[in-house]
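> Quick one: the structure is below, and I'll ask about it shortly.
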Amino acid sequence: METPGSQSSLHRANLERVVRAVRMAGSLTQAEIARSTGLSAATVSNIVRELREGGTVEVTPTSAGGRRARSVSLSGDAGIVIGVDFGHTHLRVAVGNLAHQVLAEESEPLDVDASSAHGFGRAEELVERLIEATGIGRQKVIGVGLGVPGPIDVVSGTLGSTSILPGWTGINPSKELAGRLGVPVYVDNDANLGALGELVWGSGRGVKDLAYIKVASGVGAGLVIEGQIYRGPGGTAGEIGHITLDESGPVCRCGNRGCLETFTAARYVLPLLRSSHGRDLTMERVVQLAREGDPGCRRVIADVGRHIGSGVANLCNLLNPSRVVLGGDLAEAGELVLAPIRESVSRYAIPSAARQLSVLPGALGGRAEVLGALALVLSEMGDSTLLESTLPVGSAVFT
């Protein structure tokens, strides 16, 4: 039996530290593992050898700085994780392994707002189909990450705003899907998952402090501080859409007037153009027309960018992130929206915070949230469970 402070206890802690570093990064060289964990190169080498012999990690030749190195990643046989992303009009599911490789992915249109039961039924069917397509046994599923387009109440586990998904009133998304799939389900809102996706796979790689701004039917922000999603004690951190821009402005669904959302979300922006561009207009189409030179669409996108920039300036003054990543359909507008955002930031943010900030479009597009759901499972799963499922009982960690 291990005792605190014993050699075996220390060894196990070091094993878990190495596994955690590799799990969060996807793959690392042994030198990178040593830097991120604070362990000596010799200790890392011994641990990696033990983990490889136990089947927990795979080691492949690579190069770093022009020198030969060995890349360490979690074994593809160690397990799989599943990401499920509910948007207002779509369902997207992805299956990935612990080495950050996406094995299968599929999306379909879906009126998520109408019925939670129908949405979860479709998600269950799609998950089962993709697992079968990978050819990996269902027993290898470690957990599921679930994204929903609204804040989650951390106490009850239900959606914090019934006005966002009226058909989901009183539903605990995590319990509902876990009951159907029989595995742990971790749930978060779409903006937080978008931030995780971009942090691990996209425009946020290499930074520890960022804000992911998603503009769609609403406006939300996922906040990353010191490499971790910041949710706040009630789970509602990042509701940038409800920063007040004009106390005499339009009434927002939250009950206040002139929220940022009322100047930037699709439901408020599209009516400005429908009389001249048709009632079937979508934000995706607005962006396309703007890129083709349409003056009305360009003006609207620039105005939206300036309003978003005001909200971003507030974030800069409060949190001083090093990077802001813009997601959603609006990100496809590129500099047509990014330049006005930067203009407002330079005008309203503290100069030192504005100088340190880079504003980039998301690299993952509509996949950011489902990949973030995969990353959520990777961040929440326990290293101890993973070690026990791969290392043999006779391993040093268990003796």
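The values are calculated or read from the model by the stated rules, or taken from the named source; none is laboratory data. Since the structure is predicted, the reported quantities are computational estimates derived from the model, not experimental observations. Cβ placement follows ideal geometry from the backbone for every residue including glycine, while neighbour counts extend to all protein chains displayed.
> Checking I301 against (1) farther than 28 Å from V224 by Cα; (2) outside any loop (DSSP other than H, G, I, E, B): exactly one of these is not met. Which one?
Result: I301 passes all but (1).
Quick grid of which residues meet (1) under 24 Å from the mean Cα position of the chain (by Cα); (2) among the acidic types (D, E); (3) closer than 29 Å to E198 by Cβ:
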| site | (1), (2), (3) |
| --- | --- |
| S6 | no, no, no |
| R12 | no, no, no |
| R23 | yes, no, yes |
| L28 | yes, no, yes |
| A42 | no, no, no |
| E50 | no, yes, no |
| E53 | no, yes, no |
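> Which is buried (at least 18 other Cβ atoms within 10 Å of the Cβ) and free of Cβ contacts under 8 Å to residues at least 40 places away in the same chain, of P340, P361, P351?
On inspection, the qualifying residue turns out to be P340.
> In addition: Out of all the residues in region 195-223, which are in contact with an Asp or Glu (Cβ under 6 Å, 6 or more places away or on another chain) and modelled with pLDDT of 95 or more?
Y212 - this is the single residue of region 195-223 that is in contact with an Asp or Glu (Cβ under 6 Å, 6 or more places away or on another chain) and modelled with pLDDT of 95 or more.
> Look through E128, E198, E132 and report the one residue that is outside any loop (DSSP other than H, G, I, E, B), crowded, with 18+ Cβ neighbours inside 10 Å and among the charged types (D, E, K, R).
E198
> Same structure, new question: If you take the residues of region 71-97 that are of a type in the set (G, A, S) and assigned to a strand (DSSP E or B), which of them is surrounded by the fewest Cβ atoms within 10 Å (Cβ to Cβ)?
S71
> What are the residues in region 329-357 that are small (G, A, S) and either out of contact with any helix residue (DSSP H, G or I) (no Cβ under 9 Å at 6 or more places or on another chain) or in the same structural domain as G147 (by TED's automatic domain parsing) (or both), if any?
Result: S352, single match.
> For region 127-156: of the residues being among the small types (G, A, S) and closer than 20 Å to G197 by Cβ, which is modelled with the lowest pLDDT?
G150
> I'm trying to understand the selection: among the residues of region 101-112, which are touching a helix residue (DSSP H, G or I) at 6+ places or on another chain (Cβ under 9 Å) and either surrounded by fewer than 21 Cβ atoms within 10 Å (Cβ to Cβ) or at pLDDT 95 or above (or both)?
Residues satisfying the conditions are V102, L103, A104, E105, E106, S107, E108, L110, D111.
> Of the conditions (1) at pLDDT below 85; (2) in a strand (DSSP E or B); (3) under 19 Å from V377 (Cα atoms), S63 fails just one. Which one is it?
S63 satisfies all of (1) at pLDDT below 85; (2) in a strand (DSSP E or B); (3) under 19 Å from V377 (Cα atoms) except (3).
> Further, regarding this structure: Quick check on my filter: what residues within region 256-271 are of a type in the set (S, T, N, Q) and either part of a helix (DSSP H, G or I) or without any contact (Cβ under 8 Å) to a residue 12 or more places away in the chain (or both)?
If the condition is that a residue be of a type in the set (S, T, N, Q) and either part of a helix (DSSP H, G or I) or without any contact (Cβ under 8 Å) to a residue 12 or more places away in the chain (or both), then T262, T264 are the ones that fit.
> Hey, another quick one. With the structure loaded, tell me whether G309 is under 22 Å from the mean Cα position of the chain (by Cα), surrounded by 15 or more Cβ atoms within 10 Å (Cβ to Cβ) and in a helix (DSSP H, G or I) or whether it fails that test.
Against the criterion (under 22 Å from the mean Cα position of the chain (by Cα), surrounded by 15 or more Cβ atoms within 10 Å (Cβ to Cβ) and in a helix (DSSP H, G or I)), G309 qualifies.
> Out of the residues in region 272-281 meeting the condition of being of a type outside the set (G, A, S) and in a loop (DSSP other than H, G, I, E, B), tell me which one is surrounded by the most Cβ atoms within 10 Å (Cβ to Cβ).
Out of the qualifying residues, it is L281.
> Across region 235-255, what is the number of residues that are part of a loop (DSSP other than H, G, I, E, B) and farther than 17 Å from S217 by Cα?
Adding up the residues that qualify gives 8.
> Additional query: Inside region 348-391, can you point out the residues that are assigned to a helix (DSSP H, G or I), modelled with pLDDT of 90 or more and among the hydroxyl-bearing types (S, T, Y)?
Y348, S352
> If you don't mind, another one. Among the numbered criteria (1) under 21 Å from the mean Cα position of the chain (by Cα); (2) in the same structural domain as I47 (by TED's automatic domain parsing), which single criterion is violated by G96?
(2)
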